[in-house]
Structure formats: structure tokens, C-alpha cells
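Asker: Sharing a structure, written as C-alpha cells. Questions coming.
Quick note: the coordinates plus some simple rules give every number you see, no bench work behind them. Keep in mind the model is a prediction, meaning the values are calculated, not measured. Ideal geometry is used to build each Cβ from the backbone, glycine not excepted, and the neighbour counts take in all protein chains shown.
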Amino acid sequence: MSNTKYVFVTGGVTSSLGKGIIAASLAKLLQQRGFSVTIQKLDPYINIDPGTLNPYEHGECYVTDDGAETDLDLGHYERFLNIPTSQANNVTTGKIYQAVINKERKGEFLGKTVQVIPHITDEIKRRIQILGTSGDYDIVITEIGGTVGDIESLPYVESVRQLLWEKGEENAIVIHLTLIPYLAAAGELKTKPTQHSVKMLMQSGVSPNVLVCRTEHEISEDIKRKLALFCNVKKEDVIQSIDAETIYDVPNLMLEEGLDEVVLKKFKLSTEKQPELKVWNEFLKKHKNPTSEVEIALIGKYIELQDSYKSITEAFIHAGSSNETKVKVRWVHSESLTPNNIETKLKGVNGILVAPGFGDRGIDGKIKAVQYSRENNIPFFGICLGMQMAVIEFSKNVLGLVDAFSTEMKQECKNPVINLMESQKEVTNKGGTMRLGAWDCKVAKDSKTYKAYQSENISERHRHRYEFNNEYLEQIELKGMKATGINSKTGLVEIIEIPSHPWFVGVQYHPEYKSTVLKPHPLFVDFIKASLKQSKN
Ligand code: GLN
């Protein structure tokens with residue numbers, strides 16, 4: 001559609017206000033009113049993508065079907081909207097500059113001085129409009145990462161200014177998300193930081209059309225009036241966003257506050273059809289009224305920053321709701337697990353998930369946790385590195401290959417049950433070179449995985465370099481661990497199971513990326529079901 005509408009979401013006062021959740025909630029409401037909507041994130045850092053960033057710096061790296069390594073906000077977009085995102089949905093300063101510099105080298109700007117304005121801003125505007133001109137969307141919501149006033153954000157804000165002017169106010173608007181802090185000593189909500197951040201935005205020539213105000217306390221009509229007066233917006237365009245019990249409440253809260261209606265009115269689009277939130281609210285109802293509870297140990301090495309496992313914990317919420325079960329997570333640092341304390345650290349859990357990861361820190365703890373769940377019949381779910389650890393543990397303790405390992409951690413190991421794919425051996429660059437994105441997998445009909453998916457043909461997202469070494473497949477299968485999912489084209493093992501165990505599944509891919517509110521991931525649903533069964537034993 002040529003007349004795509006653009007919503008830009010900027011942030012003021014501080015970071016971590018939840019721009020991604022506000023964008024996703026608005027998108028959800030618009031989608032449920034019948035509009036086709038997508039969301040894009042612009043990240044002002046110089047990395048090409050977050051694939052090379054430590055999770056401690058950035059939280060989880062989310063992966064799309066087309067193999068983009070992206071910001072974790074894209075996970076929220078997919079979980080809320082239930083539609084896939086792609087390379088085009090996450091743009092970084094690194095990508096912008098790379099494109100412009102490549103063009104310069106090709107001679108596309110011959111004779112010209114290459115500058116931030118217009119060359120960098122043109123590239124930003126092109127990336128924003130790629131989604132809009134695809135014809136797939138009525139509305140594109142673009143979230144600008146960072147906070148207004150950051151040096152890094154300036155070219156983005158300038159690009160927004162140009163687009164607002166080019167498209168006109170019926171086609172492009174700005175929502176500014178800001179914080180209204182509460183001063184306990186004075187017993188007051190304060191508007192000054194918001195006034196300043198709006199002023200800062202205006203200095204760049206951008207005047208927000210809507211203010212969304214994050215707050216711990218109800219914002220009075222008086223405060224709304226004051227904000228409207230100082231920030232050049234109408235009072236009805238000041239929207240309160242009060243702290244919520246769960247992020248999944250935010251679409252309903254925004255509906256009550258009328259955010260979607262305000263946006264549609266600005267675009268002169270129909271507000272007649274109300275958002276259809278029946279399925280969403282059924283999910284919420286079950287999430288908030290569980291009839292049972294399970295405790296799952298999440299074994300990882302980045303647990304100090306729980307955002308590192310965002311998609312996994314959200315997938316637990318989806319799977320919990322579909323089982324009407326509260327999923328309590330016991331965060332277990334893999335480095336802290338020793339043969340002496342494993343019994344106490346994992347005592348009483350109903351399921352164990354060994355998380356993805358890179359490098360050898362905490363590896364022994366992960367292997368011990370696999371052994372504990374295998375020997376004690378506790379449901380086990382291994383994801384990516386977690387699956388690889390399950391293969392190593394089985395090879396060591398059941399096959400008796402004491403030196404079995406992955407060449408990622410021990411290059412010269414005698415029994416490399418996990419090793420580098422042939423095509424990876426030539427690779428020297430670190431960025432964007434793993435096995436990434438969607439790969440097909442054929443599931444064995446007599447497996448637990450098949451029972452969960454109810455399908456032989458699945459496609460899941462990957463992000464890893466190392467693989468199950470097929471030279472060991474026969475011996476491993478003879479001893480009772482089965483490869484129940486294979487990529488037919490390459491023969492790569494994607495799923496392993498121990499059929500004699502109540503629930504022992506390891507997957508080379510990342511099922512968590514595809515779990516959404518509308519479609520909780522079948523393996524997570526089945527894992528929680530098995531854990532629930534374990535809790536009743
Ligand atoms: N480090 C492992 C690999 O590269 C696993 C990666 C992961 O868990 N995502 O194969």
C-alpha cells in the first residue's frame with residue numbers, strides 16, 4: 001500500500017522505560033482492529049548487529065527466520081503480534097554506515113563529499129521506508145533506541161524530522177515515551193524531566209504528537225493539563241502508562257487510555273472497529289489464575305542479567321498459561337554447581353532446562369545438571385549448548401567415553417562428539433557467520449517431539465557453529481539416546497531424546513524464539529506438562 005502510515009516512538013528522560021512494550025502493545029491493538037502492522041527497531045550503536053555482543057551488555061540476541069541477529073525487542077514484537085520479523089526490522093548505525101561506505105567505495109557518490117546529512121540520513125530514511133513500501137503494511141511503527149539527547153541518536157531524530165515533513169501529519173506522527181517520576185518525600189509526581197526532554201526533541205525540530213507517560217502513580221487531569229501546556233500537545237494526547245503486573249497487561253491498559261484511538265484519529269483512519277482481544281484475554285486469564293505450579297531450574301551462566309534468557313522465560317509464561325500452571329524459575333548459575341552441592345541446588349525442581357551459551361565457563365555445572373536430570377528422571381530440556389551438553393554427558397557417563405567433549409571447549413579432545421561443521425572450518429569472521437535462521441527438520445514419528453508438534457516437518461531457528469558429530473551416532477543410539485530430528489538435506493542431528501526417560505529432549509535449535517501468546521511453543525508446552533506430571537509423583 002503506498003499510503004502506509006508511520007509512527008515513530010522516541011524515548012525521553014531515561015532508558016529502560018519499555019518503548020518496545022509500548023510499541024508492541026499499540027501494534028497489537030491496531031492489528032486487532034484489522035490493520036496490518038509491523039514494528040522496526042533502530043539501534044544507534046556501531047556494531048553491525050548484537051550478535052557479537054556479550055549478553056551481559058545487551059541481553060538476549062534474538063534471531064529471525066531469515067537469520068538476522070537482532071535486539072531482544074524484536075522478540076516482544078513477534079510474541080505480541082504473532083507475525084515474523086526479518087532483517088529489515090532491526091537497523092543499527094553500523095549497518096547504516098557500512099551501506100553508505102560501501103556505496104562510496106563503489107563510486108556512487110563520485111565528486112561529492114559524503115556527509116551525515118544527507119547521506120547517512122537518506123540511508124536511515126530508506127531503511128525506515130523499506131517496510132512501508134513493501135505493500136504489506138498499513139502502519140509501520142519505528143522505535144528509536146536510546147534516549148533523546150544522546151549523541152548517537154541525532155541522525156535518527158533528524159531523519160524522523162525530515163520524514164515528518166515529507167509525509168505530512170496525516171501520515172507520520174511521533175509518540176514520545178517519557179517518565180513522570182514520583183518524589184516520595186514531596187508526595188508528588190514531577191513533570192519537569194518530561195518538559196526538558198520534549199524541549200530537547202524540539203531543538204532537533206521534532207514536536208511530539210502524543211506523550212506516553214510512564215508512572216508508578218495515577219496521573220491526575222491537572223498534571224495532564226500541565227504537560228499539554230508545556231509540551232505542545234493536546235490534553236487528550238497525554239496518555240498514562242502505569243506500572244503493570246505483567247507486560248501482557250499493557251495492550252489492555254493502552255486500550256483503556258485510548259492510545260490506539262488517538263493514533264488512528266491523527267491518521268484520519270476509522271476507529272469504528274474495536275480491537276478483538278478475546279484470545280489474548282483468555283491467555284491472560286489463564287496466566288493469572290493458575291491451578292497448579294511447577295518449579296523449573298534454569299541452568300545458565302548469564303543469570304545475573306535475566307534479560308539474557310528473555311525468550312525462554314517468556315516461552316515459560318506462554319506454556320504455563322496453556323497448562324494453567326504457574327512456572328516458577330529457579331535461577332541456577334552453572335558455575336556454582338559442583339558434585340557436592342548439586343543435590344541441594346536442584347532439590348525439589350520439577351524440570352531442568354540447560355540454556356544456550358558460548359565458551360567453556362560453567363560447562364562442568366551444565367554437564368552435572370544434565371546427569372542429575374537423567375539419573376533422577378526429572379524432565380530435561382536442553383537448548384542448543386544445552387543439547388550439546390546432553391550428548392557429551394551421555395557419551396561420558398553411559399558410553400564410557402571419559403574424554404568426550406565439544407571442540408569448542410577442547411580443540412584436541414579425543415572424542416569430539418560435538419564438533420565444528422565442515423563449512424564452518426574456513427570461517428574466520430565472527431559476525432553473522434554461524435548457522436543462523438530457519439532450517440527444516442524431519443521429526444521421527446515415534447518420538448516425544450512428534451507428539452508435541454503433531455507434525456513430521458518442522459522449521460526452527462538456529463544460532464550456533466558446532467554440531468552433533470554423526471561419527472558417534474550409531475554408538476550413542478545403541479545405548480539408548482536417539483536422534484529424533486534430522487535435517488534431511490545435510491543429515492545434521494537437530495533433536496536428541498532418551499525414550500526410556502520420562503521427558504528428555506535436547507534441541508540444536510532455539511524453540512524459544514518462536515513461542516508467542518497466540519502460539520505457545522509445543523515443546524515448551526509439553527515440557528511444562530511433563531514437569532507438572534513430575535510434580536504430582
Ligand atoms: N556454543 C555452541 C555453538 O556455537 C552453542 C550455541 C548456542 O547455544 N546458541 O555451537
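Asker: With Leu401, Leu436 as the choices, which residue is under 22 Å from Lys479 (Cβ atoms), among the aliphatic types (A, V, I, L, M), touching a strand residue (DSSP E or B) at 6+ places or on another chain (Cβ under 7 Å) and surrounded by 14 or more Cβ atoms within 10 Å (Cβ to Cβ)?
Answerer: Leu401
Asker: Take the residues of region 404-418 that are over 21 Å from Leu478 (Cα atoms) and within 14 Å of the ligand (Cβ to nearest atom): which is surrounded by the fewest Cβ atoms within 10 Å (Cβ to Cβ)?
Answerer: Only one residue tops the list, namely Gln411.
Asker: Restricting to region 467-495, what's the tally of residues that are small (Gly, Ala, Ser) and exposed (fewer than 13 other Cβ atoms within 10 Å of the Cβ)?
Answerer: Count: 2.
Asker: Can you pull out every residue in region 272-286 that is touching a residue at least 60 places away in the same chain (Cβ under 8 Å) and under 22 Å from Lys5 (Cβ atoms)?
Answerer: First, the residues of region 272-286 that are touching a residue at least 60 places away in the same chain (Cβ under 8 Å): 273-277, 279-280, 283.
Residues satisfying the conditions are Lys273, Gln274, Pro275, Glu276, Leu277.
Asker: Check whether at least one residue in region 368-376 is crowded, with 18+ Cβ neighbours inside 10 Å and out of contact with any strand residue (DSSP E or B) (no Cβ under 8 Å at 6 or more places or on another chain), and report yes or no.
Answerer: From region 368-376, those crowded, with 18+ Cβ neighbours inside 10 Å are 368-374; that's our starting set.
Now drop any that are not out of contact with any strand residue (DSSP E or B) (no Cβ under 8 Å at 6 or more places or on another chain), which leaves 368, 371.
Checked against the condition, which is being crowded, with 18+ Cβ neighbours inside 10 Å and out of contact with any strand residue (DSSP E or B) (no Cβ under 8 Å at 6 or more places or on another chain), region 368-376 yields at least one hit.
Asker: For Thr407, are the conditions met, namely being closer than 18 Å to Val391 by Cα and out of contact with any Asp or Glu (no Cβ under 7 Å at 6 or more places or on another chain)?
Answerer: Spelling it out, Thr407 is indeed closer than 18 Å to Val391 by Cα and out of contact with any Asp or Glu (no Cβ under 7 Å at 6 or more places or on another chain).
Asker: Filter region 387-404 for residues that are out of contact with any helix residue (DSSP H, G or I) (no Cβ under 7 Å at 6 or more places or on another chain) and either small (Gly, Ala, Ser) or within 18 Å of Glu295 (Cα to Cα) (or both) and give the result.
Answerer: Gly400
Asker: Continuing with the same structure: Among the residues of region 58-98, which ones are part of a strand (DSSP E or B), touching a Cys at 6+ places or on another chain (Cβ under 8 Å) and of a type outside the set (S, T, N, Q)?
Answerer: Matches in region 58-98: Glu69 only.
Asker: Please verify whether Lys479 is within 30 Å of Lys414 (Cβ to Cβ) and within 16 Å of the ligand (Cβ to nearest atom), treating the condition exactly as stated.
Answerer: No.
Asker: How about region 373-390: which of its residues are within 16 Å of the ligand (Cβ to nearest atom) and within 15 Å of Trp503 (Cα to Cα)? Spell out how you get there, then give the answer.
Answerer: So the first thing to find is which residues in region 373-390 are within 16 Å of the ligand (Cβ to nearest atom), and the list is 380-390.
Within region 373-390, Phe380, Phe381, Gly382, Ile383, Gly386, Met387, Ala390 qualify.
Asker: Are any residues in region 455-471 more than 16 Å from the ligand (Cβ to nearest atom) and over 23 Å from Gln87 (Cβ atoms), and if so, which ones?
Answerer: Ser455, Glu456, Asn457, Glu471
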